[in-house]
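Comments concern the structure below.
Only the coordinates and a few stated rules stand behind these numbers; no lab work does. As the structure is a prediction and not an experimental result, all values here were calculated from the model. Here the Cβ positions follow ideal geometry from the backbone for every residue, glycine too, while neighbour counts run over all protein chains shown.
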Amino acid sequence: MTHILQALLQLDGDLLLWIQDYCRTPLLTSFFTFLTHLGDSGGIWLVLSCVLLISKRTRAVGIMSLTALASSFLINNLILKNLVARTRPYEVLQGLTLLIERQSDFSFPSGHTASSFAAAVIIYRELPHRYGIAALILAAGIGFSRLYLGVHYPSDVIGGALSGILIAVLVSKCFRTFTRQEALP
């Protein structure tokens with residue numbers, strides 16, 4: 001079992017170095033820096049959720065999205081990150097160049113990715129899919145930006161995405177159960 005875990009950890013680091021060596025360009029660095037900052041503190045998702053609160057037709061979706069974001073923050077940023085206490089890759093992976101400022105918290109799971117998928121999956125489940133697909137693409141882009149910029153391992157981003165998806169599904173199901181409302185067509 002220890003050998004399997006060692007191999008997975010090695011693969012995690014190797015993937016980051018591969019991204020650094022074969023994907024980074026000045027144009028992409030500017031793009032992914034912008035994209036990652038959209039996800040800072042769940043910013044873009046908080047704005048979108050508040051916009052959804054304006055119309056009575058989408059208010060329930062806004063409430064669900066804000067609930068998923070708050071749940072993601074509590075579960076991922078306050079509990080899991082501190083329980084796992086994984087060191088950031090740029091602190092231990094020799095040869096990895098950090099492209100943005102050092103992060104102040106632990107690495108696993110990716111909070112940017114978790115909050116992005118928590119909100120995006122709510123939008124996908126509850127609004128017409130053309131909006132949901134755009135939200136999922138944005139969430140995936142923010143998740144990848146964390147790898148590109150060197151602040152997370154791939155397993156941090158995968159863990160964040162899975163956590164965000166699970167939180168969104170649970171929030172959506174609980175909301176629908178307690179309010180007996182249906183998703184928008």
Problem - Candidate set: the stretch 128-147, residues that are in contact (Cβ under 8 Å) with a residue 12 or more places away in the chain and more than 14 Å from residue 117 (Cβ to Cβ); chosen: the one surrounded by the fewest Cβ atoms within 10 Å (Cβ to Cβ) - result: 128
Practice task
Could you run through the stretch 133-185 and say how many residues are within 28 Å of residue 14 (Cα to Cα), assigned to a helix (DSSP H, G or I), of a type in the set (Phe, Trp, Tyr) and over 10 Å from the mean Cα position of the chain (by Cα)?
Solution key: 1
Problem - Evaluation of residue 99 against (1) in contact with a Phe, Trp or Tyr (Cβ under 9 Å, 6 or more places away or on another chain); (2) in a helix (DSSP H, G or I); (3) under 25 Å from residue 8 (Cβ atoms) (one fails), failing number - result: (2)
Completion exercise
Filter the stretch 58-83 for residues that are closer than 16 Å to residue 132 by Cα and of a type in the set (S, T, N, Q); the one that is surrounded by the fewest Cβ atoms within 10 Å (Cβ to Cβ) is 58
Practice task
Read through the list (1) over 17 Å from residue 18 (Cα atoms); (2) of a type in the set (A, V, I, L, M, F, W, C); (3) in contact with a Phe, Trp or Tyr (Cβ under 6 Å, 6 or more places away or on another chain), then give the number of the only condition that residue 140 fails.
Solution key: (3)
Fill in the blank from the handout: Looking across the stretch 33-57 at residues that are crowded, with 19+ Cβ neighbours inside 10 Å and among the hydroxyl-bearing types (Ser, Thr, Tyr), the single one that is nearest to the chain's Cα centre (by Cα) is 36
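Taking the condition of being outside any helix (DSSP H, G or I) and either in contact with a helix residue (DSSP H, G or I) (Cβ under 6 Å, 6 or more places away or on another chain) or among the aromatic types (Phe, Trp, Tyr) (or both), how many residues in the stretch 82-94 meet it?
So the count comes out to 1.
State the number of residues belonging to the stretch 1-28 that are more than 22 Å from residue 92 (Cα to Cα) and in contact with a Phe, Trp or Tyr (Cβ under 9 Å, 6 or more places away or on another chain).
Applying the first criterion (more than 22 Å from residue 92 (Cα to Cα)) to the stretch 1-28 yields 1, 25-28.
The next check asks that each one be in contact with a Phe, Trp or Tyr (Cβ under 9 Å, 6 or more places away or on another chain); those that pass are 28.
Final tally of qualifying residues: 1.
This table checks each residue for (1) of a type outside the set (A, V, I, L, M); (2) assigned to a helix (DSSP H, G or I); (3) over 22 Å from residue 154 (Cα atoms).
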{"residue": "10", "(1), (2), (3)": "yes, yes, no"}
{"residue": "16", "(1), (2), (3)": "no, yes, no"}
{"residue": "32", "(1), (2), (3)": "yes, yes, no"}
{"residue": "35", "(1), (2), (3)": "no, yes, no"}
{"residue": "43", "(1), (2), (3)": "yes, yes, yes"}
{"residue": "49", "(1), (2), (3)": "yes, yes, yes"}
{"residue": "63", "(1), (2), (3)": "no, yes, yes"}
{"residue": "66", "(1), (2), (3)": "no, yes, yes"}
{"residue": "80", "(1), (2), (3)": "no, yes, no"}
